[in-house]
């Protein structure tokens with residue numbers, strides 16, 4: 001059994017850990033509000049661009065359709081972009097994204113596809129590079145600041161150049177969609193060829209100037225940057241929400257551990273006092 005001194009040291013260590021987890025929880029809660037606002041503000045823009053592309057795509061078909069919309073005519077070579085955070089201490093947030101990516105990659109490989117991987121975030125890089133080192137191409141770090149087009153542009157340009165040069169036929173993005181503080185859902189989204197979702201009602205008629213093909217040629221590359229930026233903003237909000245929840249649970253667990261150790265320490269100390277009293281009384285009786 002541990003001595004009273006050892007148990008006091010252990011309680012002090014747990015209290016120090018509790019202070020750290022409490023501080024991380026408060027920092028994550030403060031950053032979550034800004035990250036959530038940024039993610040929610042980006043959604044209407046991404047949806048609006050998707051609607052415009054869907055409306056334009058309805059008037060373009062056949063050989064005149066842009067490559068980013070029509071595709072290469074094959075789906076043999078796949079590029080999977082996996083976006084996580086740079087840091088941990090967020091429960092299963094990063095692991096759930098990587099797990100979804102592994103399932104997607106495994107399904108493609110089972111179908112005989114050639115798969116290459118680009119990661120955004122150190123956690124995705126560390127986990128996937130070990131498992132798929134021969135399929136790994138490049139990694140990008142998220143950084144400490146809120147993601148913007150300056151961070152996204154090199155990634156999008158790298159993907160566009162590779163697709164234009166015929167290196168890939170399909171590009172897929174895996175990230176976490178922010179639902180609420182307690183819910184972040186991994187999402188697998190096809191970026192190239194662009195997926196056009198049909199509207200629920202009759203599409204409004206627009207007279208475009210210049211023609212639809214010219215607008216799509218300029219809009220589709222921009223849409224890649226928008227979708228990656230939206231994914232990174234969703235990831236950031238989900239990361240802070242998951243970290244806040246994880247640190248809150250860790251703080252509570254530390255509190256329960258302190259209570260249990262304190263009770264055990266008091267019992268040990270009482271047992272020592274009782275033993276010393278017995279020894280004193282026994283010695284006095286012997287005299």
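Couple of notes before you dig in:
- Result for the chain in a Gaussian network model with C-alpha springs under 10 Å: among 85, 16, 139, the largest mean-square fluctuation is at 16.
- Calculated mean residue ellipticity, 222 nm, the chain: -22000 deg cm²/dmol, from DSSP H runs (n ≥ 4) at -39500 (n - 2.57) each, averaged per residue and rounded to 500.
- Footprinting exposure proxy ranking of 234, 256, fewest other C-beta atoms within 10 angstrom first, gives 256, 234.
- Chain lengthening between residue 87 and residue 282 when straightened (0.36 nm per residue, less Cα-Cα): 64.1 nm
- Compactness check for the chain: Cα Rg over 2.2 N^0.38 Å is 1.47.
- Share, in percent, of DSSP beta bridges within the chain that are antiparallel, nearest 5: 35
- GNM remark for the chain: springs join alpha carbons under 10 Å apart, and the peak mean-square fluctuation among 163, 140, 45 falls on 45.
- Candidates 84, 214, 274: whichever shows maximal mean-square fluctuation once the chain is modelled as a Gaussian network with Cα springs under 10 Å: 274
- Structural descriptor for the chain: relative contact order 33 percent, calculated from alpha carbon pairs under 8 angstrom and at least 6 residues apart.
Readers should treat all values here as calculations from the given coordinates under stated rules, not as data from a laboratory. This one's a predicted model, so the numbers in the text were calculated from it and none came from an experiment. Cβ atoms come from the backbone with ideal geometry, glycine included; neighbour counts cover every protein chain shown.
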